[in-house]
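Presented below is the structure to which this report refers.
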Amino acid sequence: MLIAMGHTVYGERIRRDFPNILVYPEFFDSKRELIQGDFKNYVKKLWNLRTIIKIAIYPDYIYYTLTVPKNVEYIIPVHSLNEGVVRIYKQLSNFTKVWLGFASNEKYRDYEITDFIEFAKRLNAKRWYLGVSTKRELREAIRWNFDGLDITTMLLGKFEQIKNLDYVVRKLRELLNYTKSQGSQRQTTLYEFVNWGVY
């Protein structure tokens, strides 16, 4: 399972100490532009950082191909299981790897996780769990064997705890130790991580 983090004040330290975690801008999710619908500036940033970015969020609700760098993998945020998603998935797949992104917050989707899993299987698509910030969301990502997820520092602890860099580093180390095991061991070790009071 690939783990990523958006913009964080600890980005440089995490990048240095945890090469297995993609950190902004390697994982690109410039939320300000995405939330404001400023796709022109978002795409401009993609091009400016194209040699650094590995995986980027594709702009929400855009079901046509933007002029984006072809060396970047894209996660399509799926709000509805519709033909627009199928169309943009196929178009982007012509030149790069594409993930389907499950919206962790129910208010941003009109489907259940079982429907999403079946939808992704029909397209033979890799699945990404967007914005894991709670134990419940992490458990769900584990239970449904997502291929990747992005976490927030809130997953690691309470606000006062995550202000301490040493605490964040320790919790990330614990997370990676538990996620190293793949295959049948993955669920067990991640389950232990969730239940060991990491938060």
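The values are calculated or read from the model by the stated rules, or taken from the named source; none is laboratory data. In this text, all values refer to a predicted model and were calculated from it rather than measured experimentally. Don't worry about glycine lacking a Cβ; one is built from the backbone with ideal geometry, like all the others, and counts go over all protein chains shown. For the accessible areas, the whole protein counts, side chains as well, though only heavy atoms, and no ligand, DNA or RNA atoms are used. Shrake-Rupley method; radii C 1.70, N 1.55, O 1.52, S 1.80 Å.
Is it true that Thr134 is open to solvent by 10 Å² or more (accessible area, probe 1.4 Å) and at pLDDT below 85?
So Thr134 fails the test.
Can you report the number of residues in the stretch 60-116 which are charged (D, E, K, R), exposed (fewer than 13 other Cβ atoms within 10 Å of the Cβ) and in contact with a Lys or Arg (Cβ under 7 Å, 6 or more places away or on another chain)?
Selection size over the stretch 60-116: 0.
Output the number of the condition that Ile57 fails; it satisfies all remaining conditions of (1) surrounded by 20 or more Cβ atoms within 10 Å (Cβ to Cβ); (2) touching a helix residue (DSSP H, G or I) at 6+ places or on another chain (Cβ under 6 Å).
(2) is the only condition that Ile57 fails.
Would you call Asp166 within 21 Å of Asp17 (Cα to Cα), open to solvent by 70 Å² or more (accessible area, probe 1.4 Å) and at pLDDT 90 or above?
yes
Between a first residue in the stretch 9-34 that is small (Gly, Ala, Ser) and a second residue that is buried (at least 20 other Cβ atoms within 10 Å of the Cβ), which pairs have beta carbons less than 7 Å apart while being 6 or more apart in sequence or on different chains?
Gly11/Val23; Gly11/Tyr24; Ser30/Tyr42
Would you mention how many residues in the stretch 106-133 are out of contact with any Ser or Thr (no Cβ under 8 Å at 6 or more places or on another chain), within 22 Å of Lys90 (Cα to Cα), touching a residue at least 24 places away in the same chain (Cβ under 8 Å) and not in a strand (DSSP E or B)?
Total meeting the criteria: 7.
Quickly run through the stretch 39-62 and pick out the residues that are over 16 Å from Thr96 (Cα atoms) and among the hydroxyl-bearing types (Ser, Thr, Tyr).
Tyr42, Tyr61
Every residue in the stretch 70-95 that is part of a loop (DSSP other than H, G, I, E, B) and farther than 26 Å from Thr152 by Cα, please.
Lys70, Asn82, Asn94, Phe95, listed by residue number.
If I ask for residues that are in a loop (DSSP other than H, G, I, E, B), over 18 Å from the mean Cα position of the chain (by Cα) and surrounded by 15 or more Cβ atoms within 10 Å (Cβ to Cβ), which ones from the stretch 10-48 would you list?
Passing the criteria: only Asp38.
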